[in-house]
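Below is one structure; the comments refer to it alone.
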Number of protein chains: 2
Amino acid sequence: MSLQSLPGFRDFYPDDCALRNYIFLNWREAARRYGFREYDGPPLEPLELYTRKSGDEIVSQLFDFTDKGERHVAMRPELTPTLARMVGARERDFKKPIKWFAIPQLFRYEKQQRGRLREHFQFNADIIGEKGVEADVELVCLLVDTLRGFGLTHEDFVVRVSDRRVWAGYLESLGIAPDKHAAVFGIVDKIEREDGAVTQKKFDALGVSSATVAAILKFADTGEFASAAPAAMETLKRFLDAMAHAGLGQFIRFDPKIVRGLAYYTGIVFEAFDVKGELRAIAGGGRYDNLVKLVSGVDLPALGFGMGDVVLGELLKQRGLLPKVERRLDAYIVVAKEELRSQALKLVHDLREAGLACDYALTPAKMGKQFEMASAFGARFAVVIGDEWAQGQATVKSLAARTEEKVDVARLVEKLTE
Amino acid sequence: MSLQSLPGFRDFYPDDCALRNYIFLNWREAARRYGFREYDGPPLEPLELYTRKSGDEIVSQLFDFTDKGERHVAMRPELTPTLARMVGARERDFKKPIKWFAIPQLFRYEKQQRGRLREHFQFNADIIGEKGVEADVELVCLLVDTLRGFGLTHEDFVVRVSDRRVWAGYLESLGIAPDKHAAVFGIVDKIEREDGAVTQKKFDALGVSSATVAAILKFADTGEFASAAPAAMETLKRFLDAMAHAGLGQFIRFDPKIVRGLAYYTGIVFEAFDVKGELRAIAGGGRYDNLVKLVSGVDLPALGFGMGDVVLGELLKQRGLLPKVERRLDAYIVVAKEELRSQALKLVHDLREAGLACDYALTPAKMGKQFEMASAFGARFAVVIGDEWAQGQATVKSLAARTEEKVDVARLVEKLTE
């Protein structure tokens, strides 16, 4: 008889929605301080926007379908291709670097696993039009300060950073041709989550010798390498130095195991993790200098990160950093005499007009019940409309202090906002 | 080469997004004053959630598809069925009346027409668990005050109100059986937008005599009727009186032509229009006492309205009530000597840490260019890091007042927030 929601999709009852809005508020606040402007795109896009970037294999993970106009479309699994399309279409309208953020809801047809959702909200921040490493610094500073804005410290999270150009130089020095690098990154990205034998099998399939695999794994583990990519290493060093200058060095760790799974990253890449290593990545991103051109034809360097609401929410909950959700009303109007209902209605409206959050019992209810509602709804004051109304007064009860006084109706707003 | 968005879907560039957020902010502010709490549901739901309520004919207007788990699903065309499902599932957890609002993005596969979008955002406010007309008053007061919150007055909009129970009584007195009422409402709902001959043809098809059609049209036009539905008329009168008591009588007009197209309304119905009658409805809603039971099996009276962002945005634009979108920064840091870049980076971070919105040129740029950016980004102050840094000072220029002074670095936050 009764209908259910789809698996992997969340209902946000008011308490859940309040926590979601708390997370959104903090995201927006961090973006404001950094001068990022908010944008958004459509939740439904042509499928090709995603396959052009990620290949056809992504389709198995999408909510895609053919619409009534015979277009093959998909619910957005990420916002970056939309951003690339939008910026490319109006490139000349915006001063560089473009610093934009968004809070899209994203959709993936994930296999059903414990805690794996098929939708989540994500804080997306991107910088477009700046190839200097200073942009990478700006972006990762925003990432760190966004998490710090929730009360998280360096004892809670760390941003692990690497650079695909450093990796590329090292792989070339090992004799691995550039056309195999993406495949190697795909394997390295999963090292920590996969059994060693699986990793070895994948390298075998790629035709990488045992000695070379050992070198790759050692590099992934230690970060020690010869001077295979001096320019890239110099850039990475400048990045690390600048993070320290900004005062955020303790949040950053060079870690070559971070390469990111997606094919399109071209430079510094990073992922934020809880220090205890209990949760999936809190956030991840990096530089993708070729994507805007691929999608829009306009050649602009770019970089960005995404931070989902789910893992972040789990971490904040673990650390006791989620606020207690409390209902708040400025006043609950208690109608003590039913014949004064019209006057009460007028008063409620006047108080709301003055900006106060007010409520009242829509239909006749016992006094005790009305006070119960006032309390349940978190009202600071109960305003009783009764006999004293004839003298132009109402009784104002402070529900916290448990005091009461008669107040002239003309002075009510003043009293309730003091 | 470059990819396009889908027809009927909007990109929100930062200026557009700022106006969208302005509308959302005003919606939330009105809801706050009225004690409505925010909720949300999934943008994708089982198709049956919509067909159970609206019949199979709605499918032609939906973005529906079969997902990879063989479920027939649809992108939400409205939020009310989701609300009914959610409330029904946890009915005992919430004190009545439940007053909730949401700002969902909704999707309809509309035929492509000028200005017709396939998505929009909608302010949804609903009251559940209260059958008294006082709930209808509360809801319509919220509707009126939401629009007033944007600066609109009774010279800009009017809420036209009717009651399906009054209509039902009148139709019965004309000898039209209850099973034909929904069809009659479907015809009456379109009277204003359709040619008279079309209306007549529809009534003919329904087997309604010419004399009866004339009576219906006269009633729709004048609201004059015999005492066919005294109880319903008494309720409607109490509604109109209460709106006047609240001080909002001038925004309300009894108008029987308003019946709403959807089948599920059961009582008072209403639509808000611009007074000039140039635009489609700004908002609409009414009482739907049977829907929660239909969807969830839990019998609860309910009522609600929806207000879209598109028509409202057009009206606000016409009336000059949309705010000018302006970028705002507290400070733009101008790096006058490149060797001080690390210090500038530290300062930018310290200012952001103090809550200030700051930006700076990520890579070396001429002083003139940097001041240009400061101005373009709406900075109140430019903070110049140059020779005076050796004395622990920076030069603070007010971009509006065109004044400047040297300020000790330790006093910078104080100066920039004064």
Where is the GNM fluctuation largest for chain A (alpha-carbon springs, 10 angstrom cutoff): A:120, A:154, A:349? A:349
What a careful reader reports for the chain A Cβ nearest the rotation axis onto chain B, distance rounded to whole angstrom, is A:65, 2
In Å, descending, principal axis extents of the Cα set of region A:1-142: 56, 40, 26
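Any number yet on Rg/Rh for region A:283-395, C-alpha, Kirkwood?
Values: Rg = 26.0 Å, Rh = 18.5 Å.
Rg/Rh: 1.41.
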Quick one: angle between helix B:80-89 and the longest Cα principal axis of chain B, in degrees between 0 and 90, rounded to 10, please. 90
With a 1.4 Å probe and all protein chains left in place, how much accessible area per residue does region A:329-416 have, in Å²? 44
I need the calculated FRET efficiency for the pair residue B:172 and residue A:289, taking r as the beta carbon distance and R₀ as 56 Å, to the nearest 0.05. 0.20
Extension gain from residue A:59 to residue A:400, taking 0.36 nm per residue of separation minus the Cα-Cα distance: 117.1 nm
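When only C-alpha pairs under 8 Å and at least 6 residues apart count, what is the relative contact order of chain B, in percent? Could the numbers behind the result be given before it?
Numbers: 668 pairs, mean separation 64.4, N = 418.
Answer for chain B is 15 percent.
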Give me the one-decimal nm value for the distance between modelled label points at residue B:339 and residue A:131, 7 Å along each residue's Cα-to-Cβ direction. 2.9
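Can you tell me what share of the DSSP beta bridges in chain B is antiparallel? A percent to the nearest 5 is fine.
On the way: 46 of 60 bridges.
The antiparallel fraction comes to roughly 75 percent.
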Return the lysines within reach of residue B:369: Cα separation strictly under 29 angstrom, same-chain partners fewer than 8 residues apart disregarded; answer none if there are no such residues. A:95, A:96, A:99, A:131, A:237, A:293, B:324, B:337, B:346, B:397, B:406, B:415
If you fit an axis through the alpha-carbon atoms of helix B:309-318 and take the longest principal axis of the Cα set of chain B, what angle between them do you get, 0 to 90°, nearest 10? 70
Listed by chain and number, the aspartates and glutamates with an alpha carbon less than 18 angstrom from that of residue A:53, same-chain partners under 8 positions apart left out, are A:45, A:64, A:78, A:126, A:179, A:289, A:299
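Restricting to region B:329-416, what percent of DSSP beta bridges are antiparallel, rounded to 5? Write out the running numbers ahead of the final one.
On the way: 9 of 18 bridges.
Counting only bridges with both partners in region B:329-416, antiparallel ones make up about 50 percent.
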Would you work out if region A:348-417 is rounded, prolate or oblate? Take a ≥ b ≥ c from the square roots of the eigenvalues of the alpha-carbon gyration tensor; rounded if a/c is under 1.5, else prolate when a/b is larger than b/c, oblate otherwise. rounded
Residue A:64 accessible area, nearest 10 Å², 1.4 Å probe? 30
Which of the lysines could a cross-linker bridge to residue A:276, judged by Cα under 16 Å and excluding same-chain residues fewer than eight apart? A:317
At 0.36 nm per residue, and after removing the present C-alpha to C-alpha distance, how many nm does the segment from residue B:387 to residue B:326 gain when stretched out fully? 18.7 nm
Relative to the longest principal Cα axis of chain B, at what angle does helix B:341-353 sit, 0 to 90 degrees, rounded to 10? 40
To the nearest Å, what is the center-to-center distance of region A:351-404 and region B:147-223, using C-alpha atoms only? 41
Within region B:167-199, whose backbone N sits under 15 Å from a point 7 Å along Cα→Cβ of residue B:212? B:168-188
Would you work out if region B:1-58 is rounded, prolate or oblate? Take a ≥ b ≥ c from the square roots of the eigenvalues of the alpha-carbon gyration tensor; rounded if a/c is under 1.5, else prolate when a/b is larger than b/c, oblate otherwise. oblate
Antiparallel versus total DSSP beta bridges in the protein assembly as shown: what percent is that, nearest 5? 75
Which of A:34, A:288, A:265 moves most in a GNM of chain A, Cα contacts under 10 Å? A:34
Taking the label point 7 Å from Cα along the Cα-Cβ vector, the copy-to-copy distances for residue B:68, listed from shortest in nm with one decimal, are 2.7
Sorted shortest first, the nm distances from the residue A:221 label point (7 Å along Cα→Cβ) to its counterparts in the other copies are 9.1
Kindly give the distances from residue B:390 to its copy-mates, label point to label point, with each label point 7 Å from Cα along Cα→Cβ, as nm values to one decimal ordered shortest first. 8.5
Those residues of region B:63-81 for which accessible area with every protein chain present is at least 50 Å² below the isolated value (1.4 Å probe): B:65, B:68, B:71, B:75
Restricting region B:1-84 to GluC sites (Glu not before Pro) in coil, as DSSP defines it, with at most 15 other Cβ within 10 Å: B:70
Structure-based [θ]222 nm, chain B - -39500 (n - 2.57) summed over DSSP H runs of at least 4, per residue, nearest 500: -11000 deg cm²/dmol
Counting only protein heavy atoms, what percent of the accessible surface of region A:329-416 is carbon or sulfur at a 1.4 Å probe? 49
Can you send over the solvent-accessible area of residue B:262, 1.4 Å probe, protein chains only, in Å² to the nearest 10? 60
Classified through the alpha carbon gyration tensor (a ≥ b ≥ c as square roots of its eigenvalues; rounded if a/c is under 1.5, else prolate when a/b is larger than b/c, else oblate), chain A comes out prolate
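Taking both sides together, what accessible area is buried at the B/A interface, probe 1.4 Å, expressed in Å² and rounded to the nearest 100? Could the numbers behind the result be given before it?
On the way: alone 21430 and 21470 Å², together 34380 Å².
Accessible area lost upon association: around 8500 Å².
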Select from region B:227-249 all residues whose loss of accessible area on going from the chain by itself to the full protein assembly reaches 20 Å² or more (probe 1.4 Å). B:245, B:246
For chain A, built as a Gaussian network whose Cα springs stay under 10 Å, the top-fluctuating residue of A:372, A:326, A:155: A:372
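Using the eigenvalues of the Cα gyration tensor, what equivalent ellipsoid semi-axes result for the protein assembly as shown when each is taken as the square root of five times the eigenvalue, whole Å, largest first? Walk me through the numbers on the way to the answer.
Details: eigenvalues 574, 229, 125 Å².
Result for the protein assembly as shown: semi-axes of 54, 34, 25 Å.
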Would you mind calculating the relative contact order of region A:329-416 from Cα pairs under 8 angstrom and at least 6 residues apart, reporting the percent as a whole number? 31
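The values are calculated or read from the model by the stated rules, or taken from the named source; none is laboratory data. None of these values were measured; they are calculated from a predicted model. Positions of Cβ are generated from backbone atoms using ideal geometry, with glycine treated the same way; all protein chains shown enter the neighbour counts. What goes into the accessible areas is simple: the full protein's heavy atoms, side chains included, and nothing from ligands, DNA or RNA. Shrake-Rupley method; radii C 1.70, N 1.55, O 1.52, S 1.80 Å.
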